[in-house]
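Chemist: One structure, pasted below without further comment.
The values are calculated or read from the model by the stated rules, or taken from the named source; none is laboratory data. Since this is a predicted model, take the numbers as computed values, not measurements. Heads up, the Cβs are rebuilt from the backbone with ideal geometry, glycines too, and the neighbour counts pull from every protein chain shown.
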Amino acid sequence: MPLSPLTFLARARRAFLGKVAVVDVDGTEVSYDTLARDCDAMAGALRTDGIQPGDRVAVLDFNTRWLLAAHYGVPGAGAAPHAWKRQEAPSSRARLRAW
């Protein structure tokens, strides 16, 4: 099976069930299974909201578990993620909005 971000997460979920995948900024430990469930839920919510394969989804967040989940959940809906850092310069934000 070719390795992609989505197949990587599915494999990690099976191989490391119950193991810590990430520690959030507040110290919350998130297992691979929980991370994968969050990503599946995000992908489903995006599809329900009308996101179609090939769409681009901007994500504005701090470096949290939810930003990581978006990097898997958005492609899980068939879309392309674009992480938007809160600290980006205003000129960069304007260019990205026009994108």
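Chemist: Answer yes or no as to whether Asp49 is on the phi < 0 side of the Ramachandran plot, surrounded by fewer than 13 Cβ atoms within 10 Å (Cβ to Cβ) and among the charged types (D, E, K, R).
Modeler: yes
Chemist: Taking the condition among the hydrophobic types (A, V, I, L, M, F, W, C) and either more than 23 Å from Trp84 (Cα to Cα) or in contact (Cβ under 8 Å) with a residue 60 or more places away in the chain (or both), does Val59 pass?
Modeler: Judged against the criteria, Val59 is not a match.
Chemist: State all residues of region 31-58 that are over 19 Å from Phe8 (Cβ atoms) and outside any helix (DSSP H, G or I); if no residue qualifies, say none.
Modeler: Passing the criteria: Asp49, Gly50, Ile51, Gln52, Pro53, Gly54, Asp55, Arg56, Val57, Ala58.
One line per residue, one yes/no per condition, for (1) of a type in the set (A, V, I, L, M, F, W, C); (2) at pLDDT below 95; (3) in a helix (DSSP H, G or I):
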position: Leu6; (1), (2), (3): yes, yes, yes
position: Leu9; (1), (2), (3): yes, yes, yes
position: Ala12; (1), (2), (3): yes, yes, yes
position: Gly18; (1), (2), (3): no, yes, no
position: Val25; (1), (2), (3): yes, yes, no
